[in-house]
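The values are calculated or read from the model by the stated rules, or taken from the named source; none is laboratory data. The structure displayed is predicted, hence computed values, not measured ones. Backbone-built Cβ (ideal geometry, glycine too); neighbour counts: all protein chains shown. These area figures cover heavy atoms from the full protein model, side chains too; ligands, DNA and RNA do not enter into them. Shrake-Rupley method; radii C 1.70, N 1.55, O 1.52, S 1.80 Å.
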Amino acid sequence: SNNLQFDFNYTYSHAIDNNSTVPHANGNFQPGVTTILCSSFNPNQCRGNAEFDATHQITVDFLYDLPFGRGRSFGRNVNWFVNEVIGGWQITGINTWRTGLAVNVVDGVASTNSLAADSGDVFIGPQSALNQHIHIEANNNNAVEIYANPAAALAAFVPDLGLGEGTRDNLRGPHFWDLDLAVSKNFPLKNERYQLKFVAQAFNALNHTNFGLPNTQVTAGAAFGTLTSEAGQEPDRVMQFALRFDF
């Protein structure tokens, strides 16, 4: 309607497994990596959030032909030269957002029950200790922290000792958000039989930082919950330009 078209897509999903064979690395989907936490006495102990699970996902795309130029709302009857300047402009974009991917807390200590020789720690709560608020922690050498209260998050886990069994993939990484934009200009040639089109594209147009997975090694102490990597195919803004001749 009125030169604007768009799509809005929302997906709710929940992937559960006992061994993620296509998990993530630094917040990106990546095949060929496997983590497993399982009890040899209770195979269901492995059951948990899949490491590629993105519970909520939103995608919005739009295409808008600016209302300027010949036959448009503004400049409907302009001459050819003016139309070449103000007409034929188009803006497009794709906005994607998803919740954080699941990740396991580990302590590097082998457990008698664990098929993977790493039991993970046991979560004793409260759940509010895992509230996320990405910020710079001045008391930790200005490290970027994912948890609102890093000390409380670390204290919410206790080591798995002896025949104990930890919890698999009960943590979440930061959410992901990205906006890609493009601006194009059509130049009609020879009674519009031919067209010259210029396109400028910007991936991660706002240069928004998407962090990778946090440090979940509880033996790391103050480094637990720190963010040291970026996620996404284009972690920083990337721009490209094209000139196309249509005939």
Select from segment 52-84 the residues that are modelled with pLDDT under 90 and loosely packed, with under 15 Cβ neighbours inside 10 Å and list them in ascending order.
-> G71, S73, F74, R76, N77, N79, W80, F81, V82
From the residues in segment 155-176 that are at pLDDT 85 or above and touching a helix residue (DSSP H, G or I) at 6+ places or on another chain (Cβ under 6 Å), which one is surrounded by the most Cβ atoms within 10 Å (Cβ to Cβ)?
-> F157
Considering only segment 202-236, how many residues are open to solvent by 60 Å² or more (accessible area, probe 1.4 Å) and in contact with a Ser or Thr (Cβ under 9 Å, 6 or more places away or on another chain)?
-> 2
All conditions in (1) surrounded by 18 or more Cβ atoms within 10 Å (Cβ to Cβ); (2) in contact with a helix residue (DSSP H, G or I) (Cβ under 8 Å, 6 or more places away or on another chain) are true of A152 except (1)
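Looking at F224, F211, F203, F157 in this structure, which one is under 30 Å from I86 (Cβ atoms) and of a type in the set (A, V, I, L, M, F, W, C)?
F203
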